[in-house]
Amino acid sequence: MKIALDAAGGDHAPQAMIAGTKSALSTYSDIETLFLTGPQELIYKELKSQNLNDTRIEIVNAPEIVEMHESGALALRKKKKSSVAIAIDLVKSGDAQAAISAGNTGAAVAAATIKLRLLEGVERPGIASPIPNKHKVINLMDAGANPDAKVQHLIAYAIMSGVYAQNVFNIARPTIGLVSNGEEEEKGSEFTKETFKALKALVAEHGDALPFEFIGNIEGSDLFTGEVDVALCEGFVGNIVLKSCEATAKALTNMLKEQIMSNPINKLGGLLASGAFKRVKEKLSPDQVGGSPLLGVRGNVMISHGGASALAIHNAIRMSREAINHDVNGHLEAALKQFIKT
């Protein structure tokens, strides 16, 4: 298989991207080519620094970089030779089967939407972001691609996230809950109430043929109970939830560290429990899941977080392999044609 990696996007580019590439290529023998897009001299220098000389690596020069603070759509128009745009171009041309970027999310979404176009039945793509909890990993859909969603967008998101959970997470019938401020049907904004009605109508029409089970409204706390496989919401809410979860995990880790270091007795207890603390930290780290698929475009696009480490890039490459091997887009197309009237 062939995968394109935006080697210049992200807070720790290109070091983390090259280190992640090195790790992934040593692990996955089925990767035929890994394209690295970005300023070629920058990439060559980092490859030499990390002593990586693998014949499966192909550098594709992309002299421009979309910075994290830039407007994604505007930067895409101005920087047509950016590393993220060239990575998506490789998918569009068929040279690569998937693209990965830890750079500007807006630019990645805009590039994929414009260049790859949308699957039939999809009006806006969505990001399915994996969130680990005590029991398993759930997907938050949409995690920020579409902050101004409409009801029909969330219907497509429900179908796509259900199909994704079936094929990648191997869940026979994923449970989907609509994020609201209460479990009762009458709770929520007008938008969530209308979405609830539309989902119930979809279930009434198609029943068990749907690739998910709709369990009704869920609250924020339900993301961590293990009773739901997909938390469905618009991108505005999803992005706030995702960033809040990440920030809370970091804050709790820092507070715990401060208390452990506050006196000798706490230090001793911390030393004895260091293995447990390490395992919890690893479980909560976004680097463990690596990336979030952008569902709804005609191609496999994986979006990693801006602070992605080498481990995150390795896992984003792993997830891209899984999407390719399971023909996720083929299954999405079939389900959308079956359940979305166009």
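The values are calculated or read from the model by the stated rules, or taken from the named source; none is laboratory data. It should be emphasised that the depicted structure is a prediction, and the values quoted were computed from it without experimental measurement. Here Cβ is always computed from backbone atoms with ideal geometry, including for glycine, and neighbour counts include all displayed protein chains. Note: areas computed on protein heavy atoms with side chains; ligands, DNA, RNA excluded. Shrake-Rupley method; radii C 1.70, N 1.55, O 1.52, S 1.80 Å.
Which Cα, out of H206, V109, N329, lies furthest along the positive dipole direction of the chain (beta carbon charges, K/R +1, D/E -1)? Farthest towards the positive pole: V109. Annotation: extensible slack from K78 through R173 equals 29.8 nm (criterion: 0.36 nm per residue apart, minus Cα-Cα distance).
Please say if the chain is rounded, prolate or oblate, where rounded means a/c under 1.5 for a ≥ b ≥ c the square roots of the C-alpha gyration tensor eigenvalues, and otherwise the choice is prolate for a/b larger than b/c and oblate otherwise?
oblate
Looking at the stretch 25-104, the accessible area is 53 square angstrom per residue; that uses a 1.4 Å probe and ignores ligands, DNA and RNA. Its Cα centre serving as origin, the chain has a Cβ charge dipole (Lys and Arg +1, Asp and Glu -1) of approximately 780 debye. In the elastic network of the chain, a GNM with C-alpha springs shorter than 10 Å, the most mobile of N217, N300, N53 is N53.
Sorting the Cα pairs of the stretch 1-116 by distance into bins of 10 Å, from 0 upward, gives 16, 50, 29, 5 percent per bin. Tell me, what % of the accessible area of the chain is carbon and sulfur with a 1.4 angstrom probe? So the carbon and sulfur contribution to the accessible surface is 53 percent.
Aspartates and glutamates near K92 by alpha-carbon distance under 20 Å, same-chain residues fewer than 8 away left out - which ones? Result set, ordered by chain and number: D6, E32, E58, E64, E120, E123, E322, D327, E333.
Helices in the chain that qualify as membrane-span-like (whole DSSP H runs, Cα extent of at least 30 Å along the helix axis, mean Kyte-Doolittle hydropathy of -1.0 or higher) are 235-260. A straight line joining the Cα centroids of the stretch 128-200 and the stretch 45-114 runs 29 Å.
For the pair Q338 and Q50, the difference between a 0.36 nm per residue extended length and the Cα-Cα distance amounts to 98.8 nm.
Length available on full extension from Y28 to L252: 0.36 nm per residue minus the Cα-Cα distance, which gives 77.1 nm. Of all the options A107, A251, A172, the one that moves most in a Gaussian network model of the chain with Cα springs shorter than 10 angstrom is A251. Working note: 222 nm ellipticity from helices only, DSSP H runs with n ≥ 4, each -39,500 (n - 2.57), summed and divided by the residues of the chain, gives -15000 deg cm²/dmol to the nearest 500.
Taken per residue, the accessible surface of the stretch 146-188 reaches 40 Å², heavy atoms only and a 1.4 Å probe. What residue among K257, K115, K200 shows peak mean-square fluctuation when the chain is described by a Gaussian network model with Cα springs under 10 Å? Greatest mean-square fluctuation among the candidates belongs to K257.
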